[in-house]
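Encoded as structure tokens, the structure appears first; notes follow it.
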Amino acid sequence: MKRISWNARGLGNPNALRHLRLLVQQQSPHVLFLMETKLAQNSNSRIRQLLHFPNGLEVPRVGLSGGLMLFWTDVVDVTLLNMGPTFFDCYMKFNGWPNFHFTGFYGAPEIANKSDSWTLFQRFGDVAPLLPWLTMGDFNEILSNNDKSGGGLRRESQMEAFRSTLDKCFLQEVPYIGDPFTWIKNRTAVHTLKERLDWCFVNNHWLSFFLAPTVEHLDYYHSDHRAIAAVFSCATLPDTSAKSRSRFRFEKLWLADPESTEIISKSWNIKLLCKKFAKLAYWKVW
């Protein structure tokens, strides 16, 4: 199974869409997680058809920034648990394999919001603590100063908060192939800043069900972020004798949890988004 995570840095022009199509044509992912699409509501159908994905979800931009999309093929079963301006959290199943927990996550870029971002992420670790869990995305943070080139040193307390979050969720880094840095500031400059901000992690139950993912840092495809691809297989051969069509389900997780609402509202101005899309069923989770 192959899944790709990419901070697209805007998909509102033909050149960006051309590069996105090229990414999908070259990699043929079963699951595609896109961040910073900067697209308005009801863009899902157009982009999904352009990329030839039969299934998809979207979180529209807030103002002129943000926006997420999640696409998947018919061989993948998806049960949505929760979604918001910075994440999709769901269960997935592929071709008769065991269920696993998947979170596509976009970490807060602003230092002032990082604490709330990590608190939110830690809640995903409580969703299904006994299931294998894979999470990918632009976490907007590094684990150590070895994960950057150029610029000043990152504060140790800032990186420790990231490492502590991963420890509390029993997540571990997945080794990668390719260039060590996934984000670059001003590629044409002689002295530029590079950092590894895009990550793939698995929890302590992953290897009991699946083989370790092979992660590759791909090209930039017109963005300042590299796309990252994770390929993995089941630890035991699945039963593929019966063909199944992808199903989509929604669970009202955290519906009565005021703490979750407070955290997300504080960091991401979710109240504005909820008012605008209150009639959509999936926003009832908030």
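What is the dipole size for region 53-180, taken about its Cα centre, with +1 at each Lys and Arg Cβ and -1 at each Asp and Glu Cβ, in debye to the nearest 20?
Values: 9 positive and 15 negative charges, 29 e Å.
Approximately 140 debye in magnitude.
Among bridges DSSP assigns within region 1-147, what percent are antiparallel (round to 5)?
In region 1-147, DSSP labels about 70 percent of beta bridges as antiparallel.
Quick check for me: using +1 on Lys/Arg Cβ and -1 on Asp/Glu Cβ, what's the dipole size of region 1-104 about its Cα centre, in debye to the nearest 20? Intermediate results must be reported in sequence, preceding the final value.
Numbers: 10 positive and 5 negative charges, 70 e Å.
With only Lys, Arg, Asp and Glu charged at Cβ, the dipole is about 340 debye.
Mind ranking 176, 221 by accessible surface for me, highest first, 1.4 Å probe?
Details: 176 80, 221 20 Å².
Of 176, 221, the descending order of accessible area is 176, 221.
Would you rank 181, 105 by solvent-accessible area, highest first, keeping every protein chain in place and using a 1.4 Å probe?
Values: 181 35, 105 0 Å².
Per-residue accessible area, sorted high to low, gives 181, 105.
Measuring from label point to label point, each 7 Å out along Cα→Cβ, what is the residue 161 to residue 207 span in nm?
Going by the 7 Å Cα→Cβ label model, 3.1 nm.
Of the beta bridges DSSP finds with both residues in region 1-83, what % are antiparallel, to the nearest 5?
Working: 11 of 16 bridges.
In region 1-83, approximately 70 percent of DSSP beta bridges are antiparallel ones.
Is there a quick way to get the dipole size of region 70-137? I mean about its Cα centre, with the Cβ of Lys and Arg at +1 and of Asp and Glu at -1; what is the value in debye to the nearest 20?
Numbers: 3 positive and 6 negative charges, 19 e Å.
Here region 70-137 has a charge dipole of around 80 debye.
Just to make sure I understand: if all protein chains stay in place, what is the order of 52, 101 by accessible area at 1.4 Å, largest first? Mind showing how you got there, number by number?
On the way: 52 150, 101 0 Å².
Ranked list, largest accessible area first: 52, 101.
Rolling a 1.4 angstrom probe over the protein chains, ignoring ligands and nucleic acids, what is the accessible area of residue 209 in square angstrom, nearest 10?
So the heavy atoms of residue 209 present about 70 Å² to solvent.
Would you kindly find the accessible area of residue 50, with a 1.4 Å probe and non-protein molecules such as ligands, DNA and RNA excluded, rounding to the nearest 10 Å²?
Estimated to the nearest 10 Å², residue 50 gives 50 Å².
The values are calculated or read from the model by the stated rules, or taken from the named source; none is laboratory data. If you're wondering where the values come from, they're calculated on a predicted model, not measured in any experiment. Neighbour counts run over all protein chains shown; Cβ positions are idealised from the backbone, glycine included. Surface areas here come from the heavy atoms of the whole protein model, side chains and all, with no ligands, DNA or RNA. Shrake-Rupley method; radii C 1.70, N 1.55, O 1.52, S 1.80 Å.
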